[in-house]
Amino acid sequence: MIEVAKRLEIVEEYYFSSKLREVRQLASEGKPIINMGIGSPDLKPSQAVIDAVVLAMQEENAHQYQSYQGLPELRNAMADFYATNFEVALNSNTEILPLMGSKEGIMHISLAFLNEGDEVLIPNPGYPTYTSVTNLVGAVPVYYDLKESTNWEPDFDALEKLDLSKVKLMWVGYPHMPTGARGSLKLFEKLVAFAKKHNILLVNDNPYSFVLNDNPMSLLQVEGAKEVALELNSLSKTFNMAGWRVGMVLGNAAYIDAVLKVKSNMDSGMFFGIQKGAIEALKSDASWFNSMNEIYKRRRILTEQLAEKLGCKVYKEGVGLFVWAKLPKGITSAEAFIDKILYEKSIFITPGTIFGSNGEGYIRFALCVQEAKVQEAIDRFRN
């Protein structure tokens with residue numbers, strides 16, 4: 001038996017990878033599963049996006065390897081999207097790198113900037129991949145607290161008290177996942193100032209700006225942010241293209257070039273048709289966001305009713321694709337709570353603990369379930 005690499009001793013299989021196997025097994029046994037756990041949009045991209053892909057399939061060279069930097073038209077569309085929606089100016093040739101989903105960007109950025117033993121500031125609660133990738137590259141996770149009492153924003157006094165001498169990189173993400181906290185330009189300004197003071201690469205993970213959020217923001221709107229920051233973005237949630245795997249990393253040319261050195265050794269370019277569909281998606285105007293948000297508003301109202309039916313207190317200020325809710329008093333384990341609901345009511349909800357210790361006492365619902373199904377979930381608790 002060949003031994004696996006030692007790096008696998010400090011990472012576990014992604015929660016949704018293992019838990020969804022169990023959920024699928026229950027479904028195969030005939031259980032009427034309603035999956036409210038994972039943020040995978042069930043809605044379709046626009047017809048214009050689908051048509052663009054179909055048309056692109058017939059183009060000459062469409063099925064060959066593509067550029068590591070993506071089509072120039074795709075980078076231009078990404079630059080135009082940021083200029084239109086965030087008033088951020090970016091050089092499409094040097095400051096934008098298309099990715100196969102922003103998740104791969106977390107690995108590429110980590111490989112490009114972290115050496116073994118470097119420390120990484122990671123939000124607690126936050127996206128679990130920040131921790132797993134940090135461990136995989138031999139760096140050291142250092143968690144900073146986000147708590148409801150501070151509206152799920154960092155405590156800068158507490159951050160300043162840490163030994164930051166080995167910290168190389170800091171992950172942030174607003175609108176925040178899993179809580180839905182909006183963030184603010186004032187917060188972004190504080191983060192940029194903190195990163196400059198301590199010579200830390202700041203990376204904002206920003207895939208939820210246009211979901212139930214009337215004030216989309218980018219970290220790159222802050223003056224001087226490009227000196228110390230990168231931003232990840234994605235078409236997965238905004239344009240219902242999660243399975244397409246289209247994302248981007250944006251920032252100053254030197255940082256982007258470093259990420260490209262990694263990426264160019266990891267893949268052979270994004271499929272031509274997908275790039276053409278992404279270009280079309282990025283042209284979408286406010287009517288697209290409004291139409292999607294009308295659906296998500298109705299789903300959120302029902303999902304909040306479900307959470308309250310369970311005795312939970314909803315974080316009403318949240319935006320994005322999820323509903324974050326505090327468990328009833330007396331409940332000590334989020335995982336036990338959601339497992340009981342899964343086995344007794346065939347409804348899958350995500351426990352807050354998978355996002356860090358500060359997620360204990362909370363659960364997360366995804367708004368990727370049709371209204372009729374959410375109503376059915378509510379009805380299951382009437383008996």
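Summary table
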read-out	value
Only listed residue being aliphatic (A, V, I, L, M) and within 21 Å of Met36 (Cα to Cα), chosen from Ile279, Ile274, Ile347, Ile256	Ile347
Criterion: crowded, with 17+ Cβ neighbours inside 10 Å, touching a residue at least 40 places away in the same chain (Cβ under 8 Å) and not assigned by TED's automatic domain parsing to the domain that holds Tyr143 - qualifying residue of Phe348, Phe337	Phe348
Where a residue in segment 288-305 is in contact (Cβ under 8 Å) with a residue 60 or more places away in the chain and its partner, wherever it lies, is hydroxyl-bearing (Ser, Thr, Tyr), with Cβ under 9 Å and at least six apart	Trp288/Ser46; Trp288/Thr238; Phe289/Thr238; Met292/Thr238
Selection from segment 202-226 of residues that are assigned to a helix (DSSP H, G or I) and of a type in the set (D, E, K, R)	Lys226
Count of segment 217-246 residues which are modelled with pLDDT under 95 and under 21 Å from Glu317 (Cβ atoms)	2
Failed item in (1) free of Cβ contacts under 8 Å to residues at least 60 places away in the same chain; (2) in contact with a Phe, Trp or Tyr (Cβ under 9 Å, 6 or more places away or on another chain); (3) not basic (Lys, Arg), with Ser357 passing the rest	(1)
Yes/no for Pro98 being in contact (Cβ under 8 Å) with a residue 40 or more places away in the chain, touching a strand residue (DSSP E or B) at 6+ places or on another chain (Cβ under 7 Å) and more than 30 Å from Thr353 (Cβ to Cβ)	yes
Count - residues of segment 65-92 that are free of Cβ contacts under 8 Å to residues at least 40 places away in the same chain and either farther than 20 Å from Gly224 by Cα or crowded, with 23+ Cβ neighbours inside 10 Å (or both)	3
Subset of segment 81-109 [in a helix (DSSP H, G or I) and either under 15 Å from Ala253 (Cα atoms) or touching a helix residue (DSSP H, G or I) at 6+ places or on another chain (Cβ under 7 Å) (or both)]	Phe81, Phe86, Lys103, Ile106, Met107, His108, Ile109
Qualifying positions in segment 192-237 - out of contact with any strand residue (DSSP E or B) (no Cβ under 7 Å at 6 or more places or on another chain), of a type outside the set (A, V, I, L, M, F, W, C) and more than 18 Å from Pro41 (Cβ to Cβ)	Lys196, Lys197, Asn199, Asp214, Asn215, Gln221, Glu223, Gly224, Glu227
Filter result for Leu8 (hydrophobic (A, V, I, L, M, F, W, C), modelled with pLDDT of 95 or more and either over 29 Å from Glu335 (Cβ atoms) or surrounded by fewer than 16 Cβ atoms within 10 Å (Cβ to Cβ) (or both))	no
Test set (1) touching a Lys or Arg at 6+ places or on another chain (Cβ under 9 Å); (2) within 23 Å of Leu191 (Cβ to Cβ); (3) of a type outside the set (D, E, K, R); (4) at pLDDT 95 or above - Ile109 fails condition number	(1)
Options Glu317, Glu280: the member that is touching a helix residue (DSSP H, G or I) at 6+ places or on another chain (Cβ under 8 Å), of a type in the set (Asp, Glu) and over 25 Å from Lys31 (Cα atoms)	Glu280
Residue in segment 305-320 that is among the hydrophobic types (A, V, I, L, M, F, W, C), touching a Ser or Thr at 6+ places or on another chain (Cβ under 6 Å) and surrounded by 13 or more Cβ atoms within 10 Å (Cβ to Cβ) present	no
Candidates Val172, Val167, Val228, Val133 - the one that is surrounded by 18 or more Cβ atoms within 10 Å (Cβ to Cβ), free of Cβ contacts under 8 Å to residues at least 60 places away in the same chain and touching a Ser or Thr at 6+ places or on another chain (Cβ under 6 Å)	Val133
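Condition check ((1) surrounded by fewer than 16 Cβ atoms within 10 Å (Cβ to Cβ); (2) under 24 Å from the mean Cα position of the chain (by Cα); (3) more than 19 Å from Thr129 (Cβ to Cβ); (4) touching a residue at least 40 places away in the same chain (Cβ under 8 Å)) across all residues:
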residue	(1), (2), (3), (4)
Ser17	yes, yes, no, no
Pro45	no, yes, yes, yes
Val49	no, yes, yes, yes
Gln58	yes, no, yes, no
Asn61	yes, no, yes, yes
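The values are calculated or read from the model by the stated rules, or taken from the named source; none is laboratory data. Predicted model, so just to flag it, every value in this text is computed and none were measured. Counting neighbours? That spans all protein chains shown, and the Cβs are built from the backbone with ideal geometry, glycine included.
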